[in-house]
Each structure stands twice: as C-alpha cells, then as structure tokens.
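The values are calculated or read from the model by the stated rules, or taken from the named source; none is laboratory data. This structure is a prediction, so every number in the text was calculated from the model and none was measured. Here the Cβ is made from the backbone with ideal geometry for all residues, glycine too, and neighbour counts use every protein chain on show.
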Amino acid sequence: MAKLTGIPASPGVAIGRVFPVDRRRARVPRYHIQDDQVDSEVARLDSAVRESVEQLRQIRQSLGEGEQGDILDAHRMMADDPTLLQGAKGLIRDELLNAEWAVRRLVRDMSEKLGSDGYLAERRADLDEVGDRIVHNLIGEKPEAVALPMDEAVIVAYDLPTAEAAVLLSSGKIKGLVTDFGSKTSHTAILARALEVPCVVGAGQASEIARAGDLIALDGTTGEVLLSPDPTEVQRFEAARAQAKTREAALLEDRDLPAQTLDGRRVCLLANIEFPEEVPSVLAHGGEGVGLYRTEFLYLNREELPTEEEHFRAYCTILERMQGRPVTIRTLDLGGDKLPIGHRSHEPNPALGLRAIRFTLRHPQLFRTQVRALLRASVHGNLQIMLPMIAAVGELREAKEQIEVIRQELLKEGKPVAPKIPTGIMIETPAAALAGDRLALECDFFSIGTNDLIQYSLAIDRGNRDVAYLYRPLHLGVLRLIQASVAGAKAAGIDCAMCGEMAGDPAYVLVLLGLGIDTLSMNPADIPKVKQVIRVADVRDAKKLLEAAMAFSSHDEIERYVLDEMRKRFPDLISEAPAAGPQHPV
Ligand code: PEP
Ligand code: MG
C-alpha cells in the first residue's frame with residue numbers, strides 16, 4: 001500500500017479502481033518551410049483550427065448547462081481567437097516556421113506573459129491545452145477520445161486537461177479524481193466541486209505509482225490518497241464515507257431552520273461565489289443570500305474586457321435566481337497578479353500595489369462599465385455593492401462620487417435604477433479596521449475580508465507556502481482588529497459581516513459570535529456545519545470564551561484553548577485537524 005497526501009480540493013470519500021488518464025503532449029515537428037510553401041502551410045493551419053473549434057463545439061454540446069459547459073465555451077473561444085490564428089500565421093509568413101512550430105511558439109510566448117502565479121497560471125494551462133489540440137490536429141493525431149470507463153473509476157492523472165475533465169466528470173461514472181499537479185483554484189478542481197466529485201490535487205507522484213485497475217481510496221476533505229489499500233484501510237474509508245453521508249444528510253435536513261443561537265441571536269448565513277452557476281448550490285445548502293460575488297472571475301478567462309452587457313447579464317442572473325434575497329456584488333478586485341489575459345503587472349510587490357479599489361480608481365473606464373451594469377441590474381433583485389480593500393476614507397468618497405455620477409447619467413438616459421443601493425466596504429487592511437469608526441459614517445456596511453486582513457496585519461504573503469505556518473486567524477492582533485471593526489460599525493449603526501475563509505470554519509463560530517459578528521459569508525458547502533454550531537451555541541458563553549481566549553498572549557495558546565473548548569462543546573462538529581488557514585484563492 002502507498003499513502004500520499006495532496007491538497008483537498010472537493011470534499012467526499014471515494015473508493016474505486018484506478019483509471020489513468022494520460023495528458024499526452026503533442027509531438028511537435030520543427031522545420032523551416034520555403035517561400036512558396038507559405039500559402040499551403042497557412043491553409044493547413046486554418047483547417048486544423050477549424051477542426052479544433054468543431055471538436056470543442058461537439059464536446060460542449062454533449063455537456064449541457066453549467067460550469068463544465070462554460071469552460072468548454074472558453075476553450076472554443078480561445079481556439080477561435082483571431083489573435084492566436086493571426087499570430088501563428090505571422091510566424092509562418094515572417095519566419096518561415098512550419099505550422100506546428102508556429103502554434104507552439106506563439107502559445108509559449110502568450111503563456112509567458114501570463115506568469116506562473118495565481119489565477120493566470122490556470123488560464124495558461126487552458127491556453128496550452130488549446131494549443132496542444134491544434135497541434136494534434138495538424139499532425140493528424142486525433143486528440144485521444146475520452147473513453148468512458150467502468151462505474152468504479154477513480155481518475156488518476158498528472159494534470160487533467162479541462163476538456164477531458166468536463167467530459168469525464170459530468171458522465172456521472174467517475175467516483176473520484178486524483179492529480180499529481182494543480183491547485184484548489186484550477187478549473188479542474190472548480191469543476192470537481194461544482195459536480196460534487198471528491199478530488200485531491202497536488203498528490204505528488206500518484207500517476208507514476210498507480211496502475212490501471214488497482215484499488216484506490218481518497219478523501220477529498222483531508223487530502224489523503226491510498227493506493228492498493230489493505231482491507232482495514234478500506235473499512236476505515238468506508239466508515240468515513242458512511243459517516244460523511246449521514247452527516248451531510250442530517251446537516252441538509254436543517255437547511256431551512258434559522259441560524260439562531262439558543263439564547264435567541266439570529267445570525268445571517270450567506271455564500272461566497274465566483275460564478276453565477278453556483279446559485280443552485282447556495283440555495284441547496286441553505287444560504288440566505290450571496291455575501292460576496294467575486295466579479296474578477298468575469299475578467300480572468302479572456303483576453304478582451306467584458307462588456308457592460310456581459311456584466312449586466314451575470315448580475316441579473318444571480319439577482320433573479322436569488323429571488324429577492326440579498327446579493328452582495330464586489331466591484332472588481334483586479335490588479336497585481338489578477339489581470340486579464342494579455343495584461344501584465346510590472347509591480348515589484350503586487351500585493352501592496354495597484355490592486356482592488358486602487359486599480360479601479362486608476363482605470364475609471366473599467367469601473368464605469370461595471371458600475372453601469374450594477375446600477376442597471378439593481379432593479380432585478382436585492383443588490384448591495386461592495387468595494388474591495390478600502391484603506392482610506394478618500395478612496396471610499398471617490399468611489400461613491402463616481403457611482404453617483406453614473407447613477408445620474410443612467411437616470412438621464414431613462415434607465416431605471418433602484419432608489420437606494422446599500423454600498424459597503426471590505427475591511428482588509430489594519431488601517432481600515434482601526435479607522436473603522438470614521439469609515440462606518442460614510443458607508444452602509446462592512447464585510448471583513450480576513451484572507452487579506454491576516455495577510456496585511458501579520459505581514460504574510462497568503463500565497464507563500466514558506467510562511468503559511470504564521471497565518472493565524474486567532475492571533476491577538478487579528479482579533480483586536482476585528483474588534484475595532486465591529487466597534488466602529490456598531491457605533492455608526494451599520495452591519496459588520498465577515499466573508500474571509502475564517503467565517504466558514506465551524507471552529508471559529510463562538511469567537512466570531514463573541515466578537516459581535518452577525519453575518520457570515522462562506523463557501524456554500526460550509527454553511528450547514530456552521531449553522532449547526534450556531535444552533536446549539538449561546539452568546540453569553542461565546543463572550544466568556546472569547547474573553548478567556550484573549551487573555552492568552554501567543555497565538556498557539558489562544559488557538560489551543562479555543563479548539564479544546566470547541567471540541568468539548570461540539571465533539572461531533574469540530575474536527576481534530578487544525579483550524580483552516582488561507583484557503584482561498586492563493
Ligand atoms: C478576503 O480577503 O478575505 C476576501 C474575502 O477577498 P479575496 O479572498 O477575494 O481576496
Ligand atoms: Mg481580499
């Protein structure tokens with residue numbers, strides 16, 4: 001038996017047989033052509049691109065609605081993109097490269113521009129995959145048709161191409177997925193979550209060790225992968241699977257019960273989403289609204305900017321599907337390494353650079369397009385606008401002024417706009433938390449973004465594994481900053497929500513109740529567990545626990561105390577694993 005540990009990417013336990021899927025890179029012949037061969041080489045390229053677009057269209061058609069279809073649409077658009085085709089033709093004409101070489105060179109150059117971190121690295125994988133398909137078609141090797149396996153299949157791959165992932169995972173035949181490579185934010189991981197297939201990514205050499213047909217077990221909650229497990233281990237996984245199913249069913253039974261403590265404090269549980277397609281999952285898990293829609297995902301999959309109509313359609317879809325429940329849409333948090341394809345940051349320290357609200361205020365045209373769409377969508381549901389990473393009152397004022405100008409412009413055009421759209425800010429910097437009393441006088445709500453607040457207060461790059469051990473939500477400094485934010489909000493009579501990962505960890509529920517946070521926004525799947533803790537919690541007890549915890553000085557002591565107390569009170573709900581670190585998006 002071999003045991004591997006990877007990154008848990010989609011929860012659930014799977015036991016099945018190894019189904020290896022090889023990502024075969026196309027072999028690329030490289031040679032120079034003669035001048036008189038240019039036209040026929042260009043024609044060959046045209047035909048390979050047409051073939052690729054048609055193949056992707058056919059795969060897309062077989063998938064139906066949802067995330068998997070959207071990703072395939074993006075691939076088809078990339079294959080059909082004139083920049084790619086014209087660029088490759090340019091290399092054929094100017095440098096007399098054969099078509100395969102031209103495609104590979106162009107894709108390499110375009111990918112390099114995307115960098116190797118964060119979201120754009122994922123788009124790079126998409127681009128590579130599309131380039132590979134075109135090369136396969138040029139050399140007359142059909143990209144391997146995905147044979148649908150037996151019902152017990154657990155896919156094991158080095159890195160599963162998105163098109164294959166979409167076909168395989170949506171077939172309903174796949175029990176689980178393990179990849180050697182990848183991150184939680186890769187498209188494949190997103191797909192696995194959307195299609196509820198247990199998945200572990202970044203599992204090292206799984207694809208090298210696993211042999212087709214071998215027994216395999218994986219736990220998408222812990223990241224554990226067992227190859228050829230012995231019967232005792234299989235039993236352990238089966239028990240975990242049964243337990244998880246019973247727990248999930250019990251949790252979902254409480255879906256429509258209010259998140260209210262034993263002593264009557266009503267907490268509002270909202271969801272964080274990245275795609276409009278996630279709305280059904282929000283409702284299925286009992287989400288009372290959307291507390292954070294990360295609109296930058298509208299920008300990241302593509303080369304050109306989304307139009308006002310595209311923004312408008314995405315917002316209306318969410319607002320209408322949420323049927324009057326609150327929907328908090330965050331204006332774009334672009335900048336640093338989060339840039340549309342083709343744009344590149346030259347900042348030495350992007351996390352401290354022109355990101356989020358700073359980026360939008362510097363690019364008023366981008367902000368205008370988004371705000372016009374938001375205001376137009378405001379009459380289609382219960383919209384709240386949220387501004388990311390406000391660190392100074394001046395930024396808030398400037399953003400609000402621009403929003404007001406756009407409102408007047410739309411009214412003049414005769415377009416309806418809701419009379420009052422609550423506009424709030426994310427508290428993500430220590431400065432904002434400490435100046436919370438003043439900021440609160442000029443906005444309608446706060447939402448604490450702990451992912452960034454922890455990064456900026458503890459001076460820890462949230463994407464850097466080397467300092468991940470220092471990423472501690474229960475650091476006394478972080479708790480005091482949350483306290484200051486809540487106090488500022490309460491003094492001005494506005495709501496203080498939390499939408500960082502800390503809000504979705506059941507181990508922190510009493511601490512957050514003690515701190516006075518009444519609105520928590522999290523990944524949809526985390527809602528039921530958090531609700532269960534709330535329903536058996538007591539606010540007086542929470543305040544005492546918080547006071548005792550904050551009497552300790554080191555984050556280790558605070559954490560140990562809180563986790564011990566939580567396990568004593570809720571033994572079935574709080575796991576033995578350490579509380580969550582920075583899970584999104586690194
Ligand atoms: C946060 O910083 O906590 C947050 C929710 O925003 P993001 O994770 O998108 O930066
Ligand atoms: Mg943030």
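Structure notes:
- When D437, D452, D461 are checked against the criterion of being within 16 Å of ligand 1 (Cβ to nearest atom) and either part of a loop (DSSP other than H, G, I, E, B) or more than 17 Å from M502 (Cα to Cα) (or both), D461 stands alone in meeting it.
- Hits in the range 331-355 (condition: of a type in the set (D, E) and either buried (at least 19 other Cβ atoms within 10 Å of the Cβ) or at pLDDT below 75 (or both)): D333, D337
- Beta carbons closer than 7 Å, at least 6 apart along the sequence or on distinct chains, pair a first residue in the range 211-227 that is under 9 Å from I15 (Cα atoms) with a second that is among the acidic types (D, E) and outside any strand (DSSP E or B) for A217/E233.
- Within the range 349-373, tally of residues that are in contact (Cβ under 8 Å) with a residue 12 or more places away in the chain and more than 29 Å from Q455 (Cα to Cα): 4
- The condition of being more than 16 Å from ligand 2 (Cβ to nearest atom), farther than 22 Å from E559 by Cβ and in a helix (DSSP H, G or I) holds for I527.
- Qualifying residue in the range 446-459 (condition: out of contact with any His (no Cβ under 8 Å at 6 or more places or on another chain) and within 21 Å of E547 (Cβ to Cβ)): yes
- Test: A433 is in contact with a helix residue (DSSP H, G or I) (Cβ under 7 Å, 6 or more places away or on another chain), in contact (Cβ under 8 Å) with a residue 40 or more places away in the chain and closer than 19 Å to I329 by Cα: no
- Matching residues, the range 78-92, being touching a helix residue (DSSP H, G or I) at 6+ places or on another chain (Cβ under 9 Å) and surrounded by fewer than 16 Cβ atoms within 10 Å (Cβ to Cβ): T83, G90
For (1) away from ligand 1 (no atom under 16 Å from the Cβ); (2) closer than 25 Å to T429 by Cα; (3) of a type in the set (A, V, I, L, M, F, W, C); (4) surrounded by fewer than 18 Cβ atoms within 10 Å (Cβ to Cβ), each residue gets a yes or a no:
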| position | (1), (2), (3), (4) |
| --- | --- |
| T360 | no, yes, no, no |
| H363 | yes, yes, no, yes |
| R376 | yes, no, no, no |
| E404 | yes, no, no, yes |
| K412 | yes, no, no, yes |
| P416 | yes, no, no, yes |
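- Matching residues, the range 13-29, being modelled with pLDDT under 90 and buried (at least 20 other Cβ atoms within 10 Å of the Cβ): V21
- Those residues of the range 287-324 which are buried (at least 20 other Cβ atoms within 10 Å of the Cβ), over 18 Å from the mean Cα position of the chain (by Cα) and more than 21 Å from R355 (Cα to Cα), in sequence order: E288, F312, L319, M322
- The residues on offer are A391, A399, and the sole one that is within 15 Å of ligand 1 (Cβ to nearest atom), at pLDDT 95 or above, buried (at least 18 other Cβ atoms within 10 Å of the Cβ) and not charged (D, E, K, R) is A391.
- Residue in the range 118-136 that is in a loop (DSSP other than H, G, I, E, B), modelled with pLDDT under 70 and either under 22 Å from S207 (Cβ atoms) or among the acidic types (D, E) (or both) present: no
- Hey, L453 within 16 Å of ligand 2 (Cβ to nearest atom), over 30 Å from L374 (Cα atoms), crowded, with 24+ Cβ neighbours inside 10 Å and not polar (S, T, N, Q) or not: no
- Inter-residue pairs, beta-carbon under 8 Å, first closer than 21 Å to T328 by Cα and away from ligand 1 (no atom under 16 Å from the Cβ) and in the range 499-518, second part of a loop (DSSP other than H, G, I, E, B) and not hydroxyl-bearing (S, T, Y), 6+ apart: D518/R265; D518/V267
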